[in-house]
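Below you'll find the structure, written out as structure tokens, and then a few comments.
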Number of protein chains: 2
Amino acid sequence: MAIDVEKVEGEIDYDKVIKEFGVEPIEALKPKLKKLEEISLLYRRGIIFAHRDLNKILDAIEKKENFAVLTGFNPSAPLHFGNKMFIDQAIAFQRLGGKVYIPLSDDETYVFGKSNSLEEARERAYSLIPKILALGLDVNKTKVFVSSTCKYVYPLAVKLSRKTTLSTIKAIFGFNDSDNPGKFFYGVVQAAHILLPQIEELEGRVPTVVPIGIDQDPYIRLARDLAEKLNFEKPSSTNHFFMRGLRGGKMSGSKKESAIFLDDSLEIVKEKIMNALTGGAPSREEQRKFGGKPERCVVFEYFKFHLVEDDERLRKIYSECREGKRVCGDCKQECFEMLAKFLESYRERVEKAKDMVGKVLLE
Amino acid sequence: MAIDVEKVEGEIDYDKVIKEFGVEPIEALKPKLKKLEEISLLYRRGIIFAHRDLNKILDAIEKKENFAVLTGFNPSAPLHFGNKMFIDQAIAFQRLGGKVYIPLSDDETYVFGKSNSLEEARERAYSLIPKILALGLDVNKTKVFVSSTCKYVYPLAVKLSRKTTLSTIKAIFGFNDSDNPGKFFYGVVQAAHILLPQIEELEGRVPTVVPIGIDQDPYIRLARDLAEKLNFEKPSSTNHFFMRGLRGGKMSGSKKESAIFLDDSLEIVKEKIMNALTGGAPSREEQRKFGGKPERCVVFEYFKFHLVEDDERLRKIYSECREGKRVCGDCKQECFEMLAKFLESYRERVEKAKDMVGKVLLE
């Protein structure tokens, strides 16, 4: 099945998606998710909706056995709040004992034409490291690697490459013969990233969980197929609801207006939030009378997915909106203030995290 | 043009080959080849028959400017006397001022199914290093790199990959969609090997000469196209006559009986030489009467290409054969004795060269 990431837009029928991709709905694991729910609002609020083999990870947590968490970034764009959800999941698994591995795919950025040179992509990758760490990762249990410079990546990709065919890569990624050979090989490199924690020099064969967008499930399936062929543990995955773009549609790193980026100036953040698509009524009066629709509101998503840790407080915001006690202007102002507070403290942490790059870098 | 290396068999019409591949006959450069002819029997005896842009290298030699020499090995088989010809050329260029770079393509060995694991291919690659050096390279002007472990290879291949298409790779190498993606990417990796000396961290932009079999000319053409696109100097190449196999046909690393390998035991060497296809007459009597045909004799090739440095002595062997003064049995015995002497001293040099691996390895 060829997946065009750009097509996963706007409102998504997640039940249909679960069937189409053949992933498992998360509910079936319910009682075993308690620890994750306690420490992660993404689990507690049902934002993680599907998985493959997550039970392997839950068992490892239960038995206090080693496991890895992998989430990668294409350094083609700066980090936004949609990216933060992957790190938030990694942090949750890390707090439950997982070793976090973060590939930064400068090679992907370059072969897909998102940078003028590989060096430029590589620079961007390195500059992302403190920004990722500052989201709350434990530097003692985190390894970050830049794909084109980490000595383990190319040899593992070579090993995996012999276990698949060009037809398979074409079918999964939808490339054709006019595409450059770097794109095709990157299909295997990405699988190498996912399986890298399991090489002998690192963790050895361990369960590995990969939080991913459902549109990337075909890549996980490739990595799972290849894992079996090289006697690695088949990686597990989790899928979460996408955040909507600030003006509707999908949030995307290449659409600056669709997301709050972690390095947006506070002026820009304010402007973006004030212009965001809400679930509010057309006028303040109608809002007071009929109430708003928080489930359709992007601002509410920022509260629910990121800013409001306390469930009681979130429920209060929800009811106030539904009951017309809260109007969009005030709500946006509140959201902006929370974002500003978060971003100010985050930026201080980024400065501090710059000293930690050497510690986490896997070269 | 798709080239199947295996098809370059037996007797080859080299004039036709020059036209087909569009390379230049070496004669046109004649007066400028003097220095090479003085130090290399391969040039002196017309064994090098064609080239691309060799004048660039001759100019660099003349002006005492920096240039690189590149010749790579696929560590799928041990070295034989056909391989030695590439090193002999590299040594000649090195004596005239060139820096020698030798890629060992463990990745190629593995993706083309010539080893069970990448590690096995890598081990073979490392074990080749002293065997290559012992042929007479100056360790102060030689760098050897193992493709999957040298930090410069994958990034350069990624850079090159964006400048070509899968169609081009298919056309040059003749792969199809049922082949593994590692083979396709290796097409670009090979170009990266050729251009590697020119990266900033090494020699920078310099003329580079690549002694190759004519069947590999399409790979040079790819490297030349990619060089232009990345602002490298287009690599030059030289082509030499292939040695014939000991029983006729092409000498090949995968046909053990077709060649003397540098680590064959002297017993095996003797057996192979004694069974070699010569240009001799059917019987000793007819040989005495009508003479032999040294130009069709594999044993004579060992003298001409390798064992007899002195031209006068070679001419003597030639005439003695033509005139029936030399019979095959004695000639083979002489050839074996020269081989044995060469190999015994070579093997001592291999032992000594083991200490030099660290010095020449580019990691």
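The values are calculated or read from the model by the stated rules, or taken from the named source; none is laboratory data. Fair warning: this is a prediction, and the values are worked out from it, not measured in the lab. Cβ atoms come from the backbone with ideal geometry, glycine included; neighbour counts cover every protein chain shown. Heads up: the accessible areas ignore ligands, DNA and RNA and are worked out on the full protein's heavy atoms, side chains in. Shrake-Rupley method; radii C 1.70, N 1.55, O 1.52, S 1.80 Å.
Okay, here's what the table says:
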read-out	value
A:Ser178 vs. criteria outside any helix (DSSP H, G or I), open to solvent by 40 Å² or more (accessible area, probe 1.4 Å), farther than 29 Å from B:Lys151 by Cβ and of a type in the set (Gly, Ala, Ser)	yes
Unmet requirement for B:Leu128, which otherwise passes all of (1) within 10 Å of another protein chain (Cβ to nearest Cβ); (2) in a helix (DSSP H, G or I); (3) in contact with a strand residue (DSSP E or B) (Cβ under 9 Å, 6 or more places away or on another chain)	(1)
Complete set of residues in region A:115-125 that are away from chain B (no Cβ under 11 Å) and either without any contact (Cβ under 8 Å) to a residue 40 or more places away in the chain or surrounded by fewer than 22 Cβ atoms within 10 Å (Cβ to Cβ) (or both)	A:Glu120, A:Glu123, A:Arg124
Residues of region A:252-280 satisfying the condition of being open to solvent by less than 30 Å² (accessible area, probe 1.4 Å) and not in a loop (DSSP other than H, G, I, E, B)	A:Ser258, A:Phe261, A:Val269, A:Lys272, A:Ile273
Some residue of region B:299-320 being at negative phi, surrounded by 14 or more Cβ atoms within 10 Å (Cβ to Cβ), assigned to a loop (DSSP other than H, G, I, E, B) and over 21 Å from the mean Cα position of the chain (by Cα)	no
Among residues of region A:127-154, those that are small (Gly, Ala, Ser) and open to solvent by 50 Å² or more (accessible area, probe 1.4 Å), counted	1
Matching entry among B:Ile57, B:Ile102 (being outside any loop (DSSP other than H, G, I, E, B), within 25 Å of B:Phe184 (Cβ to Cβ) and in contact with a strand residue (DSSP E or B) (Cβ under 6 Å, 6 or more places away or on another chain))	B:Ile102
Residue satisfying all of: in region A:191-213; part of a helix (DSSP H, G or I) and buried (at least 24 other Cβ atoms within 10 Å of the Cβ); farthest from the other protein chains (Cβ to nearest Cβ) among these	A:Pro197
Checking A:Ser148 against (1) within 28 Å of A:Ile12 (Cβ to Cβ); (2) outside any helix (DSSP H, G or I), the condition it does not meet	(1)
Of all residues in region B:151-175 being outside any helix (DSSP H, G or I) and within 7 Å of another protein chain (Cβ to nearest Cβ), the one that is nearest to the chain's Cα centre (by Cα)	B:Lys151
Qualifying residues in region B:177-190 (those that are under 19 Å from the mean Cα position of the chain (by Cα) and in contact (Cβ under 8 Å) with a residue 60 or more places away in the chain) - the one nearest to the other protein chains (Cβ to nearest Cβ)	B:Val189
Filter pass, B:Lys272 being in contact with a strand residue (DSSP E or B) (Cβ under 6 Å, 6 or more places away or on another chain) and modelled with pLDDT of 95 or more	yes
